[in-house]
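Reading through the structure tokens given below for one structure.
The values are calculated or read from the model by the stated rules, or taken from the named source; none is laboratory data. None of these values were measured; they are calculated from a predicted model. A quick note on method: Cβ atoms are made from the backbone with ideal geometry, for glycine too, and the neighbour counts reach across all protein chains shown. These accessible areas exclude ligands, DNA and RNA; they are computed on the full protein's heavy atoms, side chains included. Shrake-Rupley method; radii C 1.70, N 1.55, O 1.52, S 1.80 Å.
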Amino acid sequence: MSPRIHGGTDALGAARWDFSSNANACGPCPLVLEQVHAADATHYPDPGYWHLREHLARLHEVDPGRILIAGSASEFIQRFTAWRFREGARRVWMPEHCYGDYAHAAQAWGLPRVSQPSAADMAWLCDPGSPLGQNESPAMASSLLDLPWMAVVLDAAYAPLRLVGEPALSADDRHRCWQMWSPNKALGMTGIRGAYVIAPLQADDAALRSLEALAPSWPVGAHAQAMLQAWTLDEVQDWVTDSRERLVQWKDRLVQLLEQRGWRVLPSVTPYLCARPPQPLDVGGLREASIKLRDATSFGLSGWWRLSAQPPDALAALEAALDRMPAKEVLS
């Protein structure tokens with residue numbers, strides 16, 4: 001089983017200048033943080049989360065019966081894979097470069113990853129994706145959704161952080177997928193684990209009951225429930241919208257900083273991107289300076305790094321650290 005590698009906090013703790021996480025660097029959202037602090041942790045949440053489901057359904061203009069509550073996106077990835085295996089799925093398709101938990105869940109259930117969509121029984125899409133921060137392929141999405149036996153999950157974790165352009169999947173296509181939302185990233189509160197899923201329009205009651213049955217009781221606690229409840233507020237949605245304006249500016253400065261030092265920067269529609277330095281990085285030196293980048297090797301991108309837009313003081317720290325690095329052999 002391949003080890004799971006993530007950005008953010010590691011064995012050394014949280015880096016002061018953390019470019020390795022895709023969380024919204026404008027966060028945490030003040031109103032959501034206030035709601036989380038006010039959460040009643042002395043009682044169990046409603047085990048059916050009926051009030052929460054109604055608010056999430058209203059936000060997305062869907063029937064509350066289509067809403068599933070998940071402990072996190074990663075929890076639902078494991079749960080959905082287990083359900084599909086029980087239903088007879090034996091092969092999985094996913095983008096070439098994508099979140100590692102898709103493959104980890106497949107490995108846990110012995111599902112081989114296939115390169116041809118028509119050979120799979122289930123598939124993962126992410127729009128925008130990670131690590132590249134680029135749009136999903138509309139043609140690939142359509143080809144998957146047109147397969148009558150295919151179960152497709154659309155990971156919408158970074159949809160609220162799209163800085164430019166429109167979603168690759170149409171509204172009709174999105175309603176043909178299992179849409180997985182984890183707003184803690186957009187809110188800059190990744191330490192709170194909680195997510196939800198919108199079932200496809202054509203999903204039958206048996207599928208919903210099975211996925212509910214595979215979940216633990218109370219998949220989210222009071223604090224995650226408060227975060228998800230606050231996510232539905234107009235004021236919070238406005239805060240996310242406003243934060244994107246700052247993220248555009250911070251990202252532009254990050255790209256300029258890297259390109260001025262010879263990095264090759266790939267385009268993205270998100271506050272994060274992948275870039276390749278002109279020479280190997282002194283990772284230890286960066287970490288000693290409390291700076292962390294995300295090595296993209298585990299994504300199949302050896303020599304590349306994923307970086308997220310950060311405030312000016314973080315950019316200044318990164319600039320100073322890069323300029324202190326001794327010259328090494330230039331990468332080809």
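Listed by number, the DSSP H helices of the chain that run 30 Å or longer by alpha-carbon position along their axis and have mean Kyte hydropathy of at least 0.5 come to an empty list. Counting only Cβ charges, +1 for Lys and Arg and -1 for Asp and Glu, the dipole size of the chain around its Cα centre is about 920 debye. What's the carbon and sulfur percent of the chain's accessible surface, probe 1.4 angstrom, rounded to a whole number? Looking at the chain in its full context, I get 52 percent from C and S.
Computed on the Cα atoms alone, the convex hull of region 131-196 gives a volume of 101 cubic angstrom per residue. Protection proxy ranking for 19-28, 44-53, using the average of other Cβ atoms within 10 Å per residue and placing the highest first: 19-28, 44-53. A simple packing score, the average count of other Cβ atoms within 10 Å per residue, orders the peptides 219-230, 244-255, 96-107 as 219-230, 96-107, 244-255, with the highest score first. A viscosity of 0.890 mPa s and a temperature of 25 °C, combined with the Kirkwood radius over Cα pairs in Stokes-Einstein, give a translational diffusion coefficient for the chain of 118 µm²/s. Counting every C-alpha pair in region 1-141, the share spaced more than 28 angstrom apart comes to 36%.
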